[in-house]
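In what follows, a single structure is set out as structure tokens and then discussed.
Computed from the coordinates by the stated procedures, all read-outs in this text should not be read as laboratory data. Note that the coordinates shown come from a computational prediction; the quantities given were computed from them, not determined experimentally. So basically every Cβ, Gly included, is an ideal-geometry build from the backbone, and we count neighbours across all protein chains shown.
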Amino acid sequence: GAVVSQHPSRVICKSGTSVKIECRSLDFQATTMFWYRQFPKQSLMLMATSNEGSKATYEQGVEKDKFLINHASLTLSTLTVTSAHPEDSSFYICSARREQGLYGGYTFGSGTRLTVV
Amino acid sequence: AQSVSQHNHHVILSEAASLELGCNYSYGGTVNLFWYVQYPGQHLQLLLKYFSGDPLVKGIKGFEAEFIKSKFSFNLRKPSVQWSDTAEYFCAVNGPLFSGGFKTIFGAGTRLFVKA
């Protein structure tokens, strides 16, 4: 149980186009999901916290108009990279909170490698 | 197939007890290794990382980890835990892809509960 499906696993897009990444909890409801990105030789950096039915909370320095997050249901959150540029090329990964309560555990998706050419 | 295995899903310790969380991975090629912690209600934070050099890595809050290449392991240790260490701990492996670029794989996490 507690599976998080993230799609696509890899995407190559042209500069200026938009890309949508999906993060879906398959067998549980996730009121909270986190979106992270990772550059080579660095650790994960939190981009935003996505809460079902409300606006996402973005970390400082993350452009909310560029990285659109929609958490319209308890099992799906999407990250759309709008007008992508080569510097947006990165590894993006989501995690979903699988249990309620203070000590709720988290499950990670398999990640998406975005390459903007 | 590439994978990361964390041996214990739940660990309960008393304060001042020693901690060791196991992490084994399967990934061809040179890898970078991470341990992250997620405190209740918060997002992921980096505890420590190994890229190269001394296989014994020291991180924040008294944590350390040892990379044993022959065993494909990167176990996390702390000599004396505190109640505030109650959290979920994730081991992650970052490695190259044949097609170029890199990928990060997470273990399933170990939930640590420290009794006061």
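Values computed for the structure shown
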read-out	value
Filter result (facing chain A (nearest Cβ under 8 Å), part of a strand (DSSP E or B) and more than 15 Å from the chain's Cα centre (by Cα)) within region B:76-116	B:102, B:103, B:113
Yes/no for residue A:15 being more than 22 Å from residue B:39 (Cα to Cα), in contact with a strand residue (DSSP E or B) (Cβ under 6 Å, 6 or more places away or on another chain), part of a loop (DSSP other than H, G, I, E, B) and touching a residue at least 40 places away in the same chain (Cβ under 8 Å)	yes
Pick from region B:9-50, criterion within 13 Å of chain A (Cβ to nearest Cβ) and of a type in the set (S, T, N, Q), ranking: farthest from residue A:48 (Cα to Cα)	B:30
Leading residue by the ranking (surrounded by the most Cβ atoms within 10 Å (Cβ to Cβ)) among those in region A:61-89 that are aliphatic (A, V, I, L, M) and in contact with a Leu (Cβ under 9 Å, 6 or more places away or on another chain)	A:79
Strands (runs of 3 or more DSSP E) completely within region A:21-116 that count 1 or more residues being away from chain B (no Cβ under 14 Å) and touching a residue at least 40 places away in the same chain (Cβ under 8 Å)	A:76-81
Options A:65, A:88, A:27: the member that is closer than 23 Å to residue A:116 by Cβ, over 14 Å from the mean Cα position of the chain (by Cα) and of a type in the set (D, E, K, R)	A:65
